[in-house]
Amino acid sequence: MIGRSIAHYEITARIGAGGMGEVYRARDSRLGRDVALKVLPDIFAQDPERLMRFEREARLLASLNHTGIATIHGIEHDGTRRVLVMELVDGDDLSVRIARGAVPLDETLAIARQIADALEAAHDQGVVHRDLKPANVVVTADGAVRVLDFGLAKAIEGDASNSGLSHSPTMLGSSPTAAGVILGTAAYMSPEQARGKRVDRRADIFAFGCVLFEMLTARQAFGGETVSDTLAAVLRAEPDWSALPADTPPAIRTLLRRCLEKDPRQRLRDIGEARILIEKVIAGETGEAAVADSAAPAPRSRPWLVLALAGLLVACAAGWFFTAQRPAQTEKRVVTASIVLPEETPMSVWGSHPGPPALSPDGKHVAFAVVMSSGPRLAVRDLASDEIRTFTGTDGAGYPFWSYDGRQIGYFADGKLRKVDLTGGVPTTLCDAEVGKGGAWTADGNIIFAPSYATPIHRVSANGGISEAITQLDSTRNESSHRFPYLLPDGKHFLYVVRNFGGGGSGGHTLRVANIDGTTVKDLFATETNAAYAGGYLFFIREAALIAQPFDLKTLSLAGDPMQMATQVQLLTGAAHGVFDVSETGVAVYRQGEDSSERLLFLLDGNGRELKQVSTGDNYDTPVRFSPDGRSLLTGIFSGVGGTADLWLLDIERGTRTRLTFDPGHENGAAWSPDGTRIAFVARRDGVFRPFVKRVVGDPTETPATTGPQDIFLAGWSRDGRYLLGHELGGGPGSGQGHLIAIPLQESGAPDPLAGQQLPPSLGGVGGLYRITFSPDGMWMA
């Protein structure tokens, strides 16, 4: 390889090798700098799993921007090899430094602080290292630290029993998230990682403790002659605490014990707390209180959930007996159960109209939608038995909710808000609700609900009628939707999610509490999903964990510290909804598993056979459009949990991608021009959704195709290139009066309804029109 060039990088020297391939020093001829090239070996070039791991590492690194994390410059390939172009960090890795003996305390603390700072930055962006070890930490000559290898992508290579375990190969099974898979390097694995369980940032905290211990002692915290011996020590043994130097501050000893707790629930929860404590020790403070407060809070009253349900799609859960009203009462035994749904009828949690679980007020039943051959259908499970009943006539059901007395179930289907008795019978249509986003049933016989994805909260009689808006979208704050109302026990207030497309860490979404008439009381906090209330606690999702935090109904404000009740709770990120619910009777239900934020793209032939994997996991939006020449894909990709989507161009053959839109708002619904030189897409600008047109290369200008006040969504681009097909929400949001319009692509001219086109009644309503495609001759639409 030395002397060869890949793209504009000339390889000058070999640096080393690892499970992901060889690493070389190269010269960037364009920018005149040295870089590191991580090259996947030829023997693995056709291994789809390795390629997926390789590209995932690249994406993870590209999302991180921190002085303590090695930067990625790009991905290149020469037709047969894929190459990750990275910052070249000159210096010794920490394993080399430790091999010379224990690191002095002051130097150890300086290095540990920088490692913690880098991990904190990654964790804040939802990235877990999962393979932190001394060999992945480089210390430069001036003492600066760079953490390498974010994004685990290594595989077992031979028998590691005779090699140094600090460099033992990273272990990888068929899937990085599947049960039974072991990820990480043996000497630094957390116990949950060694058992093949799902891991989160607490695995990095355990590894950080191992690295800190090793710097101070020049000994591994958990060692053994073989990988198996080391894993056994990780699972059962304690570090030799007597090996710590006599001058190790008590606060650092406490920090080590908190980091190396076997039970992740007892482990230090946030690496940022470790950074703060180390900084205090460096400054001469004891820091003892800091780690005690953050890592081991004193016993206190917790939510009194008596049962947490899970199942195949609501997987293994944990619950507690607690009494919030009597703080002195001691903790009681855990009670858990699972709802295992038949494989042929899984829970409907995908697509634009999912049916996540909703508990009845008495906590005795859970309603949800199941996927059947005819589509989603409303189902109810009696928690006292194994019976799961489906309701005839509820096809298309989404976002179920219960009546105040638990005798009826509200849901959304076919552009309508409907209800059905718990005992069954013919469903009743109440009003229009084009794509409903949650509802709540009040004691006075009304329903408050979100009729669509771009509307305020509405109210309608539970007997049916015309709905009216009770909240108002604030265009000055870029609010695009009010959704998922949740009635509080006093019957006078409700919670709801304020969603906007202005960007930000949580997409700008806010949890708000309002009077029952819709007048706003206050914003509570930035949120990723909906919220629920039970027993004096507010329940919500934060970084895929179910959180409970004391909430004062009198002041309508948070009144204590948050507590984690469950992890790996599924998120419907596109909707800002967590798959969970709680009941005042002490029942909680949630689905534990993968969220909807990571999807894979595959190329299939006409018979559905897989030809190749086009791209690795990302939070792809729909639709995904082929370019006219069939060489590229156009789709949206969300930026993080609850974030906004930008449009990207994916090259099918080369596996590269190019970002096409850069506005902090949301762009989706893209379509190609017939000649493939332009794209059309929908974006929300100035409070209105409308189509825009821009060139794929060259001019970055985005030109609006319409200027009217109505929301218009893109349905397609005519084959002759003369007009866009739009879907206009005439009559106002939630009116159910949407229709197709032709949008001429000239300098002037307003959009006109399609002349001579008679749509079937089933397609005339707003709820039925999406993902329209033209036939090759342009004479038909599907």
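Before moving on, here are some points about what is shown:
- Each label point was placed 7 Å from the Cα along the Cα-to-Cβ direction; for Asp247 and Trp780 their separation is 8.3 nm.
- Spacing of the modelled spin labels on Asp106 and Arg265, each 7 Å from Cα toward Cβ, amounts to 4.3 nm.
- Three-way shape label, segment 475-556, alpha-carbon gyration tensor, a/c 1.5: oblate
- Label-point separation in nm, Phe525 to Thr226, each point 7 Å along Cα→Cβ: 4.8
- Residues with amide H under 5 Å from that of Leu244, placed H, sequence gap 5 or more: none
- Calculated FRET value between Arg719 and Thr428, using beta carbons and R₀ = 35 Å, to 0.05: 0.20
- Residues whose placed amide H lies under 5 Å from that of Gly355, excluding near-sequence neighbours: Ser348, Val349, Trp350, Ala369, Tyr399
- Extension gain, Lys492 to Lys554: 0.36 nm times the residue separation minus the Cα-Cα distance gives 21.2 nm.
- Under a 5 Å amide H cut-off, with hydrogens placed 1.01 Å from N, Leu601 pairs with Val614, Ser615 among residues at least 5 apart or on other chains.
- Gain upon complete extension [Glu279, Thr476; 0.36 nm per residue less C-alpha separation]: 66.8 nm
- Taking every protein chain into account, the 1.4 Å probe leaves Glu653 with about 140 Å² of accessible area, to the nearest ten.
- A 1.4 Å probe run over segment 524-585, with the rest of the protein chains in place, finds 29 Å² accessible per residue.
- Stretch gain in nm, segment Asp421-Arg30, where the contour uses 0.36 nm per residue and the Cα spacing is subtracted: 133.8 nm
- Phi to ³J(HN,Hα) by Karplus 6.51 cos²θ - 1.76 cosθ + 1.60 over segment 246-255, Hz, x for Gly, Pro: 4, 8, 5, x, x, 5, 6, 4, 5, 4
- Per-residue HN-Hα couplings for segment 189-199 [Karplus 6.51, -1.76, 1.60; θ = phi - 60°; Hz; x = Gly/Pro]: 6, 6, x, 5, 5, 5, 7, x, 7, 5, 10
- Calculated FRET value between Asp142 and Thr622, using beta carbons and R₀ = 30 Å, to 0.05: 0.05
- Here the accessible area of segment 515-562 is 51 percent carbon and sulfur, with a 1.4 angstrom probe and all protein chains present.
- Cα centroid separation, segment 666-694 to segment 443-461 (Å): 30
- Computed FRET value (nearest 0.05) for Arg695 with Val614, which takes r as the C-beta separation and R₀ as 25 Å: 0.60
- Summed side-chain charge close to Leu430 - residues other than Leu430 whose Cβ falls under 12 Å, Lys, Arg +1, Asp, Glu -1: +3
- Segment 534-593: trypsin sites (Lys or Arg not before Pro) falling in loop per DSSP and having at most 16 other Cβ within 10 Å: Lys554
- Each other residue within a Cβ distance under 13 Å of Pro104 adds +1 if Lys or Arg and -1 if Asp or Glu, for a net charge of -1.
- Environment charge at Pro245 (Cβ cut-off 15 Å; Lys +1, Arg +1, Asp -1, Glu -1): -3
The values are calculated or read from the model by the stated rules, or taken from the named source; none is laboratory data. Nothing here was measured: the structure is a model prediction, and the numbers come from that model. Don't worry about glycine lacking a Cβ; one is built from the backbone with ideal geometry, like all the others, and counts go over all protein chains shown. Please note that ligands, DNA and RNA were not included when accessible areas were found on the heavy atoms of the full protein model with its side chains. Shrake-Rupley method; radii C 1.70, N 1.55, O 1.52, S 1.80 Å.
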